[in-house]
Amino acid sequence: MTPTVLQKQMTAAVLHGREDLKIEQVAVPALAADEVLVQVKVALTCGTDLKVWKRGYHQRMIVPPAVFGHELAGIVAAVGPEAARTGARVGMRVVPANSAPCNVCPFCLRGQQNLCEDLLFNNGAYAEYIRIPGRIVRENMLEIPDHVSFLDAAMVEPLACVLRGAAETGVGAGESAVVIGCGPIGLAFVRVLSDRGVQVIALGKRESQLRAAERLGASAAFDVSTLADPIDAVRRLTPGGYGVDAAIEAVGSPTTWQWAVQMARRGGLVNLFGGCPRGVPVQFDPTALHYSEITLKSTFHHTPAFIRDALDHIARGRITARDFITGEIPLDELPRTFEHLKHRNGELKTAVIFP
């Protein structure tokens with residue numbers, strides 16, 4: 001199909017290295033036959049992008065200098081001839097995921113597409129236009145329903161990760177869970193689990209985030225900096241003080257990983273959702289794992305099925321962006337925003353809004 005994009009240059013946020021982000025004019029990406037060009041309408045900040053900005057790279061996702069960002073929604077601006085056969089069309093409102101599996105490796109064939117040996121990542125959301133690789137067009141680019149806003153649709157990728165985490169945890173109505181960490185991911189867990197009838201206890205550090213946890217369904221929310229013993233505080237809220245049925249760690253630190261194990265009841269499950277930095281040792285009491293039969297799990301990334309489930313949740317109004325977006329900015333303010341987010345001032349997600 002004939003591209004509607006006539007300009008050759010676009011404005012983009014380019015990561016050059018550690019905490020070195022610049023707004024620049026770069027070339028609009030050229031398309032292969034099976035690819036699509038999307039005009040970005042909304043891009044969201046996230047904890048992964050903050051980590052990439054701090055470190056200056058991501059081993060699997062981005063090598064500087066490069067445009068980065070991966071949570072977005074927009075409008076198809078140009079379609080390669082092969083991509084058109086998938087149903088992609090100019091003017092189509094879409095949410096493209098940030099990855100797609102190969103569907104042929106042993107992990108994909110086991111239904112573990114998130115562990116794909118050739119998982120294809122895509123970055124470049126912080127720009128006027130983004131190229132969507134053919135595999136993502138085929139596997140993980142969805143049309144946005146007419147009644148869903150770009151802002152809400154941009155929540156699909158992080159929500160898909162949370163929905164998969166909730167499914168892997170397996171806790172349900174009438175059971176209890178603690179969510180450690182009240183950032184966007186932790187709060188999404190609070191919303192999803194409480195919506196399923198789970199009694200959720202939330203632990204965080206910011207008053208604004210704790211109040212958000214309560215609004216999203218937490219039965220109790222504690223500031224861990226005010227607790228002498230967070231483990232005891234959680235256990236005291238469970239029948240007999242036995243502990244929660246499931247503990248979800250959404251911070252990514254050795255201390256909170258250890259808390260999660262000690263908050264779970266005998267026979268309970270711990271989902272170590274927040275990833276600790278590579279090489280950081282974590283110690284667990286082996287008697288707690290063995291004699292209490294606690295199950296440890298980790299949930300990484302999403303799969304195409306959960307991308308679709310996430311859009312369905314959003315389309316039905318079960319998750320809305322207003323619960324997670326604490327600011328809106330134009331693209332040129334993004335470098336200052338990352339400097340601000342570096343100090344963790346209690347903000348959740350910031351939406352970069354394009355005209």
Completion exercise
For the stretch 162-297, inverting the pair-averaged 1/r of distinct alpha-carbon atoms gives a Kirkwood value in Å of 14.4
Exercise for the section: Starting from the Kirkwood radius over alpha-carbon pairs of the stretch 111-237, derive D by Stokes-Einstein at 20 °C in a medium of 1.002 mPa s and give it in µm² s⁻¹. Expected result: 127
Fill in the blank from the handout: 1/(1 + (r/R0)^6) with r = Cβ-Cβ of Gln59 and Ile23, R0 = 22 Å, i.e. FRET efficiency to nearest 0.05, evaluates to 0.30
Exercise for the section: Rank the residues Phe222, Phe354 as a footprinting-exposure proxy: fewest other Cβ atoms within 10 Å of their Cβ go first. Expected result: Phe354, Phe222
Exercise for the section: Alpha carbons only, please: Rg and Dmax for the chain, in angstrom. Expected result: 20.7, 67
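What is the Cα convex hull volume of the stretch 60-109 when expressed per residue in Å³? Walk me through the numbers before you get to the answer.
Working: hull volume 6.8 nm³, N = 50.
Given the Cα convex hull of the stretch 60-109, per-residue volume reads 137 Å³.
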Problem - Neighbour cut-off at most 14 other Cβ (10 Å), DSSP loop, GluC sites (Glu not before Pro), the stretch 263-355 - result: Glu293
Exercise for the section: Using the number of other C-beta atoms within 10 angstrom as an exposure proxy, rank Val352, Val282 with the fewest first. Expected result: Val282, Val352
Problem - Centre separation in Å (Cα based) which lies between the stretch 38-54 and the stretch 268-335 - result: 16
Completion exercise
Too long for a 18 Å Cα-Cα cut-off, among Lys205/Lys342; Lys22/Lys342; Lys205/Lys349; Lys51/Lys297; Lys54/Lys205; Lys51/Lys349, are Lys51/Lys297; Lys54/Lys205
Handout entry: Rough spin-label spacing in nm, given labels placed 7 Å along Cα→Cβ, for Ser253 and Asp146
Key = 4.9
Exercise for the section: Would you mind ranking Thr326, Thr48, Thr303, Thr295 by Cβ crowding within 10 Å, fewest neighbours first? Expected result: Thr295, Thr326, Thr48, Thr303
Problem - 5 angstrom amide H check on Lys41, placed H, neighbours 5+ away - result: Ala73, Gly74, Ile75
Problem - Whole-Å semi-axes of the ellipsoid equivalent to the stretch 159-227 (Cα gyration tensor, √5λ, descending) - result: 19, 12, 10
Handout entry: the chain: calculated mean residue ellipticity at 222 nm from DSSP helix runs of at least 4, using -39500 (n - 2.57)
Key = -7500 deg cm²/dmol
Fill in the blank from the handout: Toy charge model, Lys and Arg Cβ at +1, Asp and Glu Cβ at -1: the chain dipole around Cα centroid in debye, rounded to 20, equals 120
Fill in the blank from the handout: Taking N as the number of residues in the stretch 212-251, the ratio of its alpha carbon radius of gyration to 2.2 N^0.38 Å works out to 1.21
Problem - Estimated distance in nm for a label pair at Asp223 and Thr320, the labels positioned 7 Å out from Cα along Cα-to-Cβ - result: 2.8
Fill in the blank from the handout: Mean projected area, convex hull of alpha-carbon positions in the stretch 1-96, reported to one decimal in nm², is 6.4
Completion exercise
At the level of C-alpha centres, the distance separating the stretch 8-32 and the stretch 128-151, in angstrom, is 20
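The numbers here are math on the coordinates, done by the rules we state, and not lab data. Quick caveat: nothing in here was measured; it's all calculated off a predicted structure. Cβ atoms come from the backbone with ideal geometry, glycine included; neighbour counts cover every protein chain shown.
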